[in-house]
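Have a look at the structure below before the remarks.
The values are calculated or read from the model by the stated rules, or taken from the named source; none is laboratory data. The structure displayed is predicted, hence computed values, not measured ones. Using ideal geometry, Cβ is built from the backbone for each residue, glycine included, and neighbour counts are taken over all protein chains shown.
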Amino acid sequence: MKIILIVLDGLGDALILALRNKTPLEAAKTPNLDWLARKGVCGLVKPWQMGSSKPASDTCHLALFGYDPKIYYLGRGPYEASGIGMKLKKGDVALRTNFGTVDENLKIIDRRAGRIENTQSLVKAISKIRIKGVNILIKKSYGHRIVLVLRGKDISSAITDGDPHKAGEKVRKIFPICIFGKCGERERGKAEFTAQVLNEFLEKAHHILKNHPLNKKRKKQKLLPANYLLVRGAGEVREIPSFKEKHGLKAGCIAGGGLYKGIGKILGMDLIKVKGATGFADTNLKGKFLTAKKATRSHDFIFLHIKATDSLAEDGNYFGKKEFIERIDKDLKPLLKLKNTLIVVTGDHATCSELKRHCSEPFPILIYCDRIKADTVKAFSEKACKKGKLGRIKQLYLMPKILLYNK
Ligand code: ZN
(Lines give C-alpha, C1' and ligand atoms only; values in the text may rest on other atoms or scores of the structure.)
Protein backbone atom coordinates (compact mmCIF):
# COMPACT_ATOMS: atom_id res chain seq x y z
CA MET A 1 0.00 0.00 0.00
CA LYS A 2 1.09 3.63 -0.57
CA ILE A 3 0.80 6.42 2.00
CA ILE A 4 -0.05 10.10 1.48
CA LEU A 5 0.47 12.14 4.65
CA ILE A 6 -1.18 15.55 4.38
CA VAL A 7 0.04 17.98 7.03
CA LEU A 8 -2.04 21.11 7.44
CA ASP A 9 0.32 23.33 9.42
CA GLY A 10 -1.21 24.74 12.60
CA LEU A 11 -4.44 22.82 11.89
CA GLY A 12 -5.96 22.85 15.40
CA ASP A 13 -7.31 25.94 17.11
CA ALA A 14 -9.30 27.08 20.13
CA LEU A 15 -13.02 27.95 20.20
CA ILE A 16 -13.75 31.37 18.72
CA LEU A 17 -16.80 33.38 19.70
CA ALA A 18 -17.14 35.03 16.27
CA LEU A 19 -17.33 31.52 14.76
CA ARG A 20 -20.25 30.66 17.06
CA ASN A 21 -17.90 29.12 19.60
CA LYS A 22 -16.33 26.76 17.11
CA THR A 23 -12.77 26.31 15.91
CA PRO A 24 -12.06 27.29 12.26
CA LEU A 25 -11.98 23.57 11.36
CA GLU A 26 -15.30 22.92 13.12
CA ALA A 27 -16.86 25.97 11.45
CA ALA A 28 -15.58 25.08 7.97
CA LYS A 29 -17.74 23.14 5.50
CA THR A 30 -15.60 20.11 4.70
CA PRO A 31 -17.67 17.38 3.01
CA ASN A 32 -14.62 15.56 1.61
CA LEU A 33 -12.59 15.54 4.83
CA ASP A 34 -15.76 14.46 6.67
CA TRP A 35 -16.19 11.61 4.19
CA LEU A 36 -12.61 10.45 4.84
CA ALA A 37 -13.20 10.70 8.62
CA ARG A 38 -16.48 8.78 8.35
CA LYS A 39 -14.93 5.98 6.30
CA GLY A 40 -11.66 5.90 8.28
CA VAL A 41 -10.39 6.03 11.85
CA CYS A 42 -9.78 9.23 13.82
CA GLY A 43 -8.18 10.58 16.96
CA LEU A 44 -6.41 13.55 18.50
CA VAL A 45 -2.66 14.24 18.49
CA LYS A 46 -0.72 15.76 21.34
CA PRO A 47 2.10 17.85 19.83
CA TRP A 48 5.74 17.35 20.82
CA GLN A 49 6.93 20.11 23.12
CA MET A 50 10.23 20.92 24.77
CA GLY A 51 9.35 21.49 28.44
CA SER A 52 6.91 24.35 28.80
CA SER A 53 7.78 26.07 25.50
CA LYS A 54 5.15 26.26 22.77
CA PRO A 55 5.25 23.62 20.02
CA ALA A 56 7.44 24.54 17.05
CA SER A 57 6.96 23.48 13.42
CA ASP A 58 10.42 21.96 12.95
CA THR A 59 10.53 19.76 16.06
CA CYS A 60 6.85 18.79 15.63
CA HIS A 61 7.56 17.59 12.09
CA LEU A 62 10.51 15.51 13.29
CA ALA A 63 8.30 13.93 15.96
CA LEU A 64 5.58 13.35 13.36
CA PHE A 65 8.07 11.42 11.19
CA GLY A 66 9.10 9.35 14.21
CA TYR A 67 12.40 11.13 15.00
CA ASP A 68 12.81 12.12 18.64
CA PRO A 69 13.75 15.83 18.46
CA LYS A 70 15.84 15.46 21.61
CA ILE A 71 18.18 13.22 19.60
CA TYR A 72 17.77 14.31 16.00
CA TYR A 73 17.03 18.05 15.99
CA LEU A 74 19.78 19.95 14.17
CA GLY A 75 18.65 23.54 14.82
CA ARG A 76 16.72 25.70 12.40
CA GLY A 77 19.68 26.83 10.28
CA PRO A 78 20.43 23.53 8.50
CA TYR A 79 16.76 22.95 7.58
CA GLU A 80 16.47 26.44 6.09
CA ALA A 81 19.78 26.07 4.22
CA SER A 82 18.79 22.70 2.82
CA GLY A 83 15.32 24.00 1.89
CA ILE A 84 16.78 26.70 -0.40
CA GLY A 85 19.00 24.16 -2.11
CA MET A 86 22.37 24.69 -0.36
CA LYS A 87 24.50 21.57 -0.48
CA LEU A 88 25.56 20.93 3.09
CA LYS A 89 28.43 18.87 4.41
CA LYS A 90 28.80 17.10 7.71
CA GLY A 91 30.13 19.58 10.29
CA ASP A 92 28.79 22.71 8.54
CA VAL A 93 27.17 25.28 10.83
CA ALA A 94 24.15 27.01 9.25
CA LEU A 95 22.34 30.12 10.50
CA ARG A 96 19.09 31.79 9.53
CA THR A 97 19.75 35.43 8.78
CA ASN A 98 17.69 38.56 8.18
CA PHE A 99 18.78 41.75 6.54
CA GLY A 100 17.83 44.29 9.21
CA THR A 101 18.10 48.04 9.76
CA VAL A 102 20.10 49.47 12.68
CA ASP A 103 20.89 53.04 13.74
CA GLU A 104 24.41 54.34 14.39
CA ASN A 105 24.36 52.82 17.90
CA LEU A 106 23.47 49.37 16.45
CA LYS A 107 19.97 49.63 17.85
CA ILE A 108 17.44 47.82 15.66
CA ILE A 109 14.99 50.02 13.76
CA ASP A 110 13.46 47.20 11.71
CA ARG A 111 14.26 43.47 11.86
CA ARG A 112 13.35 43.07 8.17
CA ALA A 113 14.82 46.23 6.59
CA GLY A 114 11.40 47.31 5.32
CA ARG A 115 10.87 43.79 3.92
CA ILE A 116 13.53 44.40 1.26
CA GLU A 117 13.31 41.98 -1.67
CA ASN A 118 16.13 42.67 -4.13
CA THR A 119 19.12 41.78 -2.01
CA GLN A 120 21.23 40.10 -4.73
CA SER A 121 23.81 42.92 -4.94
CA LEU A 122 24.13 43.02 -1.15
CA VAL A 123 24.62 39.25 -0.99
CA LYS A 124 27.30 39.53 -3.69
CA ALA A 125 29.12 42.28 -1.77
CA ILE A 126 29.23 40.46 1.57
CA SER A 127 30.16 37.17 -0.11
CA LYS A 128 33.59 38.69 -0.74
CA ILE A 129 34.44 38.83 2.97
CA ARG A 130 37.20 36.42 3.91
CA ILE A 131 37.88 35.23 7.46
CA LYS A 132 40.85 33.03 8.28
CA GLY A 133 40.06 29.45 9.18
CA VAL A 134 36.54 29.25 7.71
CA ASN A 135 34.67 29.38 4.45
CA ILE A 136 31.49 31.41 4.58
CA LEU A 137 28.75 30.55 2.09
CA ILE A 138 25.79 32.88 1.66
CA LYS A 139 22.57 32.29 -0.26
CA LYS A 140 19.51 34.44 -0.73
CA SER A 141 16.30 33.01 0.60
CA TYR A 142 12.95 34.73 0.07
CA GLY A 143 12.40 38.46 0.81
CA HIS A 144 14.74 39.86 3.44
CA ARG A 145 16.12 36.44 4.38
CA ILE A 146 19.40 34.76 3.62
CA VAL A 147 21.20 31.73 5.01
CA LEU A 148 24.82 31.73 6.21
CA VAL A 149 26.82 28.52 6.26
CA LEU A 150 30.18 28.33 8.02
CA ARG A 151 32.46 25.55 6.82
CA GLY A 152 35.71 24.69 8.56
CA LYS A 153 37.49 22.30 10.85
CA ASP A 154 37.07 23.89 14.25
CA ILE A 155 33.57 25.28 14.30
CA SER A 156 30.56 24.65 16.52
CA SER A 157 26.89 25.58 16.64
CA ALA A 158 27.07 26.14 20.41
CA ILE A 159 26.73 29.90 20.01
CA THR A 160 24.12 32.52 20.92
CA ASP A 161 21.90 34.46 18.46
CA GLY A 162 22.96 37.91 17.31
CA ASP A 163 19.32 38.77 16.72
CA PRO A 164 17.61 40.02 19.90
CA HIS A 165 14.27 39.23 18.13
CA LYS A 166 12.92 42.69 18.99
CA ALA A 167 13.08 46.13 17.39
CA GLY A 168 14.35 48.88 19.69
CA GLU A 169 17.04 46.64 21.18
CA LYS A 170 20.72 46.65 20.38
CA VAL A 171 22.08 43.83 18.24
CA ARG A 172 23.87 41.21 20.30
CA LYS A 173 27.43 40.07 20.13
CA ILE A 174 27.76 36.34 19.54
CA PHE A 175 28.93 34.34 22.55
CA PRO A 176 29.86 30.70 22.93
CA ILE A 177 27.07 28.95 24.81
CA CYS A 178 29.74 26.75 26.36
CA ILE A 179 30.66 29.54 28.74
CA PHE A 180 27.25 29.10 30.39
CA GLY A 181 26.68 25.41 29.72
CA LYS A 182 28.71 22.34 30.39
CA CYS A 183 31.01 21.58 27.49
CA GLY A 184 34.26 19.73 27.07
CA GLU A 185 37.47 21.69 26.56
CA ARG A 186 37.52 20.92 22.82
CA GLU A 187 33.91 21.95 22.20
CA ARG A 188 34.44 25.12 24.20
CA GLY A 189 37.45 26.06 22.07
CA LYS A 190 35.44 25.50 18.87
CA ALA A 191 32.49 27.55 20.13
CA GLU A 192 34.76 30.42 21.15
CA PHE A 193 36.41 30.37 17.72
CA THR A 194 33.05 30.30 15.90
CA ALA A 195 31.73 33.23 17.95
CA GLN A 196 34.89 35.19 17.21
CA VAL A 197 34.65 34.44 13.46
CA LEU A 198 31.01 35.47 13.30
CA ASN A 199 31.54 38.68 15.26
CA GLU A 200 34.34 39.64 12.87
CA PHE A 201 32.20 38.73 9.85
CA LEU A 202 29.17 40.68 11.10
CA GLU A 203 31.28 43.78 11.75
CA LYS A 204 32.82 43.66 8.28
CA ALA A 205 29.42 43.00 6.70
CA HIS A 206 27.93 46.00 8.53
CA HIS A 207 30.71 48.22 7.22
CA ILE A 208 30.17 47.04 3.63
CA LEU A 209 26.38 47.23 3.84
CA LYS A 210 26.17 50.69 5.33
CA ASN A 211 28.32 52.07 2.50
CA HIS A 212 26.70 50.03 -0.26
CA PRO A 213 25.24 52.07 -3.18
CA LEU A 214 21.91 50.23 -2.92
CA ASN A 215 21.50 51.31 0.70
CA LYS A 216 22.53 54.88 -0.11
CA LYS A 217 19.88 54.89 -2.82
CA ARG A 218 17.29 53.42 -0.42
CA LYS A 219 18.02 56.15 2.11
CA LYS A 220 17.47 58.81 -0.56
CA GLN A 221 14.15 57.15 -1.42
CA LYS A 222 13.24 57.21 2.28
CA LEU A 223 13.43 53.41 2.41
CA LEU A 224 15.08 51.57 5.29
CA PRO A 225 18.66 50.50 4.48
CA ALA A 226 19.53 46.82 4.87
CA ASN A 227 22.65 47.54 6.89
CA TYR A 228 22.98 44.67 9.39
CA LEU A 229 22.80 40.88 9.40
CA LEU A 230 20.66 39.45 12.19
CA VAL A 231 21.73 35.85 12.72
CA ARG A 232 19.96 33.13 14.70
CA GLY A 233 19.21 29.42 14.94
CA ALA A 234 22.75 28.08 14.49
CA GLY A 235 22.73 24.35 13.84
CA GLU A 236 25.38 21.83 12.95
CA VAL A 237 24.89 19.33 10.16
CA ARG A 238 25.38 15.71 11.14
CA GLU A 239 24.29 12.43 9.72
CA ILE A 240 20.92 11.11 10.79
CA PRO A 241 19.17 7.96 9.60
CA SER A 242 17.09 8.62 6.49
CA PHE A 243 13.34 8.08 6.38
CA LYS A 244 14.01 5.05 4.17
CA GLU A 245 16.46 3.60 6.68
CA LYS A 246 14.09 4.24 9.56
CA HIS A 247 10.79 3.14 8.04
CA GLY A 248 11.78 1.21 4.92
CA LEU A 249 9.74 3.52 2.69
CA LYS A 250 10.86 5.57 -0.30
CA ALA A 251 9.57 9.05 0.50
CA GLY A 252 8.78 12.15 -1.52
CA CYS A 253 8.16 15.66 -0.19
CA ILE A 254 5.72 18.18 -1.68
CA ALA A 255 5.98 21.56 0.03
CA GLY A 256 6.13 25.28 -0.75
CA GLY A 257 7.83 26.55 2.42
CA GLY A 258 11.61 26.28 2.60
CA LEU A 259 11.73 24.87 6.13
CA TYR A 260 9.56 21.89 5.17
CA LYS A 261 11.49 21.16 2.00
CA GLY A 262 14.63 21.33 4.14
CA ILE A 263 13.31 18.90 6.73
CA GLY A 264 12.22 16.51 3.97
CA LYS A 265 15.57 16.75 2.22
CA ILE A 266 17.64 16.23 5.38
CA LEU A 267 15.56 13.09 6.04
CA GLY A 268 16.47 11.90 2.55
CA MET A 269 13.09 12.49 0.90
CA ASP A 270 12.95 13.38 -2.79
CA LEU A 271 11.72 16.93 -3.33
CA ILE A 272 8.84 16.83 -5.81
CA LYS A 273 8.26 20.16 -7.52
CA VAL A 274 4.81 21.61 -8.09
CA LYS A 275 4.35 24.75 -10.17
CA GLY A 276 2.75 27.49 -8.07
CA ALA A 277 3.41 25.83 -4.69
CA THR A 278 4.29 28.96 -2.76
CA GLY A 279 3.83 28.16 0.92
CA PHE A 280 1.27 30.99 1.05
CA ALA A 281 -2.55 31.11 0.85
CA ASP A 282 -2.32 31.56 -2.95
CA THR A 283 -0.58 28.19 -3.32
CA ASN A 284 -1.54 25.75 -6.05
CA LEU A 285 -3.50 23.33 -3.85
CA LYS A 286 -5.00 21.38 -6.71
CA GLY A 287 -1.59 20.95 -8.31
CA LYS A 288 -0.16 19.67 -5.03
CA PHE A 289 -2.86 17.03 -4.58
CA LEU A 290 -2.68 15.89 -8.20
CA THR A 291 1.11 15.66 -7.96
CA ALA A 292 0.81 13.59 -4.76
CA LYS A 293 -1.57 11.24 -6.52
CA LYS A 294 0.87 10.82 -9.41
CA ALA A 295 3.85 10.44 -7.06
CA THR A 296 2.35 7.31 -5.50
CA ARG A 297 3.50 5.53 -8.67
CA SER A 298 7.17 6.24 -7.90
CA HIS A 299 7.19 6.58 -4.09
CA ASP A 300 5.86 4.63 -1.10
CA PHE A 301 5.27 7.63 1.12
CA ILE A 302 4.32 11.18 0.13
CA PHE A 303 4.63 14.02 2.64
CA LEU A 304 2.39 16.84 1.44
CA HIS A 305 2.72 20.03 3.46
CA ILE A 306 0.31 22.98 3.42
CA LYS A 307 1.44 26.08 5.27
CA ALA A 308 -1.20 28.82 5.14
CA THR A 309 -3.51 27.30 7.79
CA ASP A 310 -0.78 28.29 10.25
CA SER A 311 0.15 31.69 8.76
CA LEU A 312 -3.49 32.86 8.60
CA ALA A 313 -3.99 31.90 12.25
CA GLU A 314 -0.77 33.68 13.21
CA ASP A 315 -2.20 36.80 11.57
CA GLY A 316 -5.34 36.40 13.72
CA ASN A 317 -7.37 35.74 10.56
CA TYR A 318 -9.67 32.92 11.73
CA PHE A 319 -12.19 33.55 8.93
CA GLY A 320 -9.33 33.23 6.46
CA LYS A 321 -8.20 29.98 8.09
CA LYS A 322 -11.75 28.59 7.90
CA GLU A 323 -12.07 29.54 4.23
CA PHE A 324 -8.64 28.14 3.40
CA ILE A 325 -9.59 24.81 5.01
CA GLU A 326 -12.72 24.81 2.83
CA ARG A 327 -10.54 25.30 -0.27
CA ILE A 328 -8.27 22.44 0.80
CA ASP A 329 -11.34 20.26 1.24
CA LYS A 330 -12.58 21.07 -2.24
CA ASP A 331 -9.23 20.57 -3.95
CA LEU A 332 -8.33 17.25 -2.33
CA LYS A 333 -11.28 15.53 -3.96
CA PRO A 334 -9.09 13.68 -6.54
CA LEU A 335 -7.54 11.71 -3.66
CA LEU A 336 -10.82 10.19 -2.48
CA LYS A 337 -11.00 7.50 -5.12
CA LEU A 338 -7.44 6.24 -4.75
CA LYS A 339 -7.21 2.50 -4.28
CA ASN A 340 -4.64 0.80 -2.11
CA THR A 341 -3.52 4.12 -0.63
CA LEU A 342 -3.52 5.15 2.99
CA ILE A 343 -4.54 8.80 3.31
CA VAL A 344 -3.57 10.50 6.55
CA VAL A 345 -4.66 14.06 7.33
CA THR A 346 -3.36 15.85 10.39
CA GLY A 347 -1.42 18.92 11.55
CA ASP A 348 1.97 19.53 13.14
CA HIS A 349 0.53 21.52 16.07
CA ALA A 350 -2.40 23.86 16.75
CA THR A 351 -2.18 27.59 16.05
CA CYS A 352 -4.61 29.64 18.10
CA SER A 353 -5.97 32.44 15.89
CA GLU A 354 -7.06 34.69 18.73
CA LEU A 355 -3.68 34.41 20.45
CA LYS A 356 -1.90 34.66 17.06
CA ARG A 357 0.58 31.95 18.01
CA HIS A 358 1.23 28.24 18.23
CA CYS A 359 -0.57 26.61 21.15
CA SER A 360 -0.58 23.26 22.93
CA GLU A 361 -4.17 22.20 22.09
CA PRO A 362 -4.46 18.67 20.68
CA PHE A 363 -5.51 18.53 17.03
CA PRO A 364 -7.23 15.91 14.86
CA ILE A 365 -5.92 13.10 12.74
CA LEU A 366 -7.71 10.81 10.30
CA ILE A 367 -6.41 7.65 8.66
CA TYR A 368 -8.34 6.32 5.67
CA CYS A 369 -8.04 3.64 3.05
CA ASP A 370 -10.65 1.82 0.98
CA ARG A 371 -10.60 -1.28 3.17
CA ILE A 372 -10.20 0.10 6.70
CA LYS A 373 -12.75 -0.74 9.39
CA ALA A 374 -14.25 2.65 10.24
CA ASP A 375 -14.94 3.95 13.75
CA THR A 376 -18.01 6.00 14.68
CA VAL A 377 -16.59 9.48 13.93
CA LYS A 378 -18.72 11.33 11.37
CA ALA A 379 -16.73 14.53 10.79
CA PHE A 380 -13.17 15.83 10.71
CA SER A 381 -12.90 18.28 13.61
CA GLU A 382 -11.36 18.64 17.06
CA LYS A 383 -14.69 17.85 18.69
CA ALA A 384 -15.66 14.86 16.54
CA CYS A 385 -12.22 13.20 16.43
CA LYS A 386 -12.02 13.21 20.22
CA LYS A 387 -14.32 10.16 20.16
CA GLY A 388 -12.30 8.29 17.51
CA LYS A 389 -10.77 4.87 17.78
CA LEU A 390 -7.19 6.18 17.74
CA GLY A 391 -7.78 8.06 20.99
CA ARG A 392 -5.17 10.59 22.04
CA ILE A 393 -1.77 9.89 20.52
CA LYS A 394 1.57 11.44 21.41
CA GLN A 395 3.05 12.82 18.20
CA LEU A 396 6.23 10.78 18.48
CA TYR A 397 4.20 7.54 18.43
CA LEU A 398 2.15 8.52 15.39
CA MET A 399 4.30 6.93 12.65
CA PRO A 400 4.22 3.43 14.22
CA LYS A 401 0.45 3.80 14.51
CA ILE A 402 0.09 4.85 10.87
CA LEU A 403 2.33 2.00 9.73
CA LEU A 404 0.10 -0.51 11.52
CA TYR A 405 -2.52 0.27 8.89
CA ASN A 406 -0.03 -0.05 6.03
CA LYS A 407 -0.77 -3.63 5.09
ZN1 ZN B 1 3.79 24.48 12.09
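The numbered conditions (1) more than 16 Å from the ligand (Cβ to nearest atom); (2) under 21 Å from the mean Cα position of the chain (by Cα); (3) farther than 30 Å from F380 by Cβ are all true for D68 except (3).
Would you be able to tell me the number of residues in segment 339-378 that are within 16 Å of the ligand (Cβ to nearest atom), not hydroxyl-bearing (S, T, Y) and not in a strand (DSSP E or B)? Residues in segment 339-378 being within 16 Å of the ligand (Cβ to nearest atom), not hydroxyl-bearing (S, T, Y) and not in a strand (DSSP E or B): 7 in total. Filtering G40, G12 for residues that are surrounded by 19 or more Cβ atoms within 10 Å (Cβ to Cβ), under 17 Å from Y368 (Cβ atoms) and either in contact (Cβ under 8 Å) with a residue 12 or more places away in the chain or in contact with an Asp or Glu (Cβ under 6 Å, 6 or more places away or on another chain) (or both) leaves a single hit, G40. Scanning segment 264-305 for residues that are touching a residue at least 12 places away in the same chain (Cβ under 8 Å) and closer than 20 Å to G143 by Cβ yields A277, T278, G279, F280, A281, T283, H305. F99 meets the conditions (1) outside any helix (DSSP H, G or I); (2) of a type in the set (F, W, Y); (3) in the same structural domain as V345 (by TED's automatic domain parsing) in every case but one. The failed one is (3). Conditions first: (1) within 16 Å of the ligand (Cβ to nearest atom); (2) in contact with a Leu (Cβ under 8 Å, 6 or more places away or on another chain); (3) touching a residue at least 60 places away in the same chain (Cβ under 8 Å); (4) under 19 Å from Y260 (Cβ atoms). F324 passes all but one, so which condition is the exception? For F324, the failing item is (3). The single condition from (1) under 26 Å from I402 (Cβ atoms); (2) touching a strand residue (DSSP E or B) at 6+ places or on another chain (Cβ under 7 Å) that R232 fails is (1).
D161 falls short on exactly one of the conditions (1) part of a strand (DSSP E or B); (2) within 21 Å of I108 (Cβ to Cβ), and that condition is (1). Residues in segment 122-134 that are of a type in the set (G, A, S) and exposed (fewer than 11 other Cβ atoms within 10 Å of the Cβ): there are none.
Listed here are the residues, each with its yes/no results for (1) of a type in the set (F, W, Y); (2) buried (at least 18 other Cβ atoms within 10 Å of the Cβ).
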| position | (1), (2) |
| --- | --- |
| I159 | no, yes |
| G162 | no, yes |
| H165 | no, no |
| V171 | no, yes |
| P176 | no, yes |
| R186 | no, no |
| K190 | no, yes |
| F201 | yes, yes |
| K204 | no, no |
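Of the helices (runs of 4 or more DSSP H) that lie entirely inside segment 1-94, those containing 2 or more residues that are in the same structural domain as F289 (by TED's automatic domain parsing) and among the polar types (S, T, N, Q) span 57-64.
For segment 339-360, indicate whether the set of residues that are acidic (D, E) and over 27 Å from A56 (Cβ atoms) is non-empty. Let's see the steps before the verdict.
Just the residues of segment 339-360 that are acidic (D, E), to begin with: 348, 354.
Those left that are additionally over 27 Å from A56 (Cβ atoms): none.
There is no residue in segment 339-360 that is acidic (D, E) and over 27 Å from A56 (Cβ atoms).
H305 satisfies every condition listed in (1) within 15 Å of L5 (Cα to Cα); (2) surrounded by fewer than 22 Cβ atoms within 10 Å (Cβ to Cβ) except (2). Restricting G51, G83, G75 to residues that are surrounded by fewer than 19 Cβ atoms within 10 Å (Cβ to Cβ), more than 13 Å from the ligand (Cβ to nearest atom) and under 30 Å from N98 (Cβ atoms) narrows the list to G51. Six or more apart or on different chains, Cβ under 7 Å: which pairs go from a residue in segment 51-79 that's among the β-branched types (V, I, T) to one that's within 16 Å of the ligand (Cβ to nearest atom)? Could you list them? Final answer for the pair search is T59/W48; T59/M50; T59/P69; T59/Y73.
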